[in-house]
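Encoded as structure tokens, the structure appears first; notes follow it.
What follows draws every value from the coordinates through simple rules; no lab data is involved. This one's a predicted model, so the numbers in the text were calculated from it and none came from an experiment. Counting neighbours? That spans all protein chains shown, and the Cβs are built from the backbone with ideal geometry, glycine included.
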Amino acid sequence: MKFSHPLMHNNFTKSDIKSVSKLLGKKNIILTQSNNVKQFEKKWSKWLGVKYSVFVNSGSSANLLTMTILKILYKKNEIILPTLTWVSDVNSVILNNFKPVFIDIDLKNLCMSESEILKKINKKTLAVFVTHAQGFNALSTNLLKHLKRKKIILIEDVCESHGAMFNKKKLGSFGLISNFSFYYAHHMSTIEGGMICTNNKNIYQLARILRSHGMAREMDDKKQEGKIIKKYFKKNSFGCKINLIETGKNTMTGGRLKRIKKFIGKETFMMTYGDGLSNVNLKKLLKFHKKNKKLVTLTAVRPPARFGALQLKGNLVSCFKEKSKIDENWINGGFFVMEPDFFKFLKNDHTILERKPLESIAKKKQLVAFRHEGFWQCMDTKKDKDALNKILSKRKKF
Ligand SMILES: Cc1ncc(COP(=O)(O)O)c(C=O)c1O
């Protein structure tokens, strides 16, 4: 007798298809990390009984990011895991340079044998990474008690066991972190997809950062974001001493500058904005500043015009130039060199550098401009961002 049992049939309902079509039909649709994803994460956390969930592209990614988080946070090196699991569980351990310690399964639940786990735990053991295989529960009260006592982290792979319970709680709500897959053969599916779940806020933030390739701006907690940025620059100082100064949420440009006065002392210093990219020659800029002996030198740039320029004689267009640089006015492109005496012009947090301070030193003939004809691009609008991304994607030299 021939017997065929497909792994899975397409199990989308008409209403699933309707909702997806509705979403795809929307104007200016956001397809990744949209509000729908946030809503799903919230509902999933509530359903599971944990505080936080981070949606990723697969259960394998959930495994990988989970092990990366452990690597970031902890020092111990051994991870205990089963011989019957998905290959991504093993890969995630090896790729993060942990030593995998394999435990054979118990045939009664296809999960790691509890007595073998307890035998293998030693001083180097960081975590036990259980897989709840095929809907079975891998946990027991005794195992949880031992892990707690020995301060061993529990990580749960629940990719194959959505909704299975132990002690009236859903699997995936016991461990420090748990992983789910929404691959289409699983109990709940997003075709491809995965989830990282935790009650730990720090781990939640780390998972979000890692999901976005390390971008600290993913964090909700701006203080924590600041800490990460500071930590990064402590490690990567590029041969310089870097001080990251809290300049306040509502402080204006001049006020921010005033707040760093004590770090400057009596030296000539350079200053620029965080949203300008240029190949201005800083050595030449400094030389120019020293030669002119003024309080402030700014870099003057001429970004390409956004519109065609016209010269009119009466109603007649005597000259037409499409998006030319030539007839554009010079503008302040940042990249300043300043003398510490300029601090006198900065009153308080509300001082806007480009208003009174620069206007008054211009009147006093204490402001000079270093003309820069090379590359300069600000990032104020979506158009600017797209232009910069294009340069980045082509790895073009500017
Ligand atoms: C136990 C287990 N972990 C991880 C995964 C990986 O999930 P995905 O296929 O979404 O990458 C699977 C996939 O079936 C699995 O069964």
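A few comments on the model shown:
- Too-long pairs where the Cα-Cα distance tops 29 Å, listed order kept, from Lys227/Lys287; Lys42/Lys108; Lys119/Lys170: Lys227/Lys287; Lys42/Lys108
- Low-density loop positions, GluC sites (Glu not before Pro), the stretch 287-377 - DSSP coil, at most 10 other Cβ in 10 Å: Glu322, Glu373
- Over 27 Å (Cα to Cα) - which of Lys14/Lys382; Lys124/Lys145; Lys18/Lys51; Lys261/Lys293 fall in this group: Lys14/Lys382; Lys18/Lys51
- A full extension of the chain between Ala305 and Asn281 corresponds to an added length of 6.3 nm, given 0.36 nm per residue minus the alpha carbon distance.
- Between Lys99 and Lys382, the simple label model (points 7 Å from Cα in the Cβ direction) yields a spacing of 5.3 nm.
- Annotation for Ile191 and Phe3: the two label points, set 7 Å from Cα along the Cα-Cβ direction, are 3.3 nm apart.
- Neighbour cut-off at most 15 other Cβ (10 Å), DSSP loop, chymotrypsin sites (Phe, Trp or Tyr not before Pro), the stretch 1-54: Phe3, Phe12
- The trypsin sites (Lys or Arg not before Pro) found in the stretch 121-183 that occupy coil by DSSP, while having at most 13 further C-beta atoms within 10 Å, are Lys123, Lys124, Lys150, Lys151, Lys168.
- Spread over its residues, the convex hull of the C-alpha atoms of the stretch 56-171 is 101 Å³ per residue.
- Here the extension length gained between Cys319 and Ser21 equals 102.2 nm, from 0.36 nm per residue of separation less the Cα-Cα distance.
- The distance linking the stretch 25-73 with the stretch 342-390 is 40 Å (Cα centroid to Cα centroid, whole angstrom).
- Convex hull of the chain built on C-alpha atoms - directionally averaged projected area, nm²: 31.6
- Simple spin-label estimate for Gln224 and Leu84 in nanometres, 7 Å along Cα-Cβ: 3.7
- Normalised by the number of residues in the stretch 30-213, the mean separation of alpha-carbon contacts (under 8 Å, six or more apart) gives a relative contact order of 26 percent.
- 5 Å binning of all Cα-Cα separations within the stretch 246-394, expressed as whole percents from 0 upward: 2, 8, 15, 17, 18, 14, 11, 8, 4, 2, 1, 0
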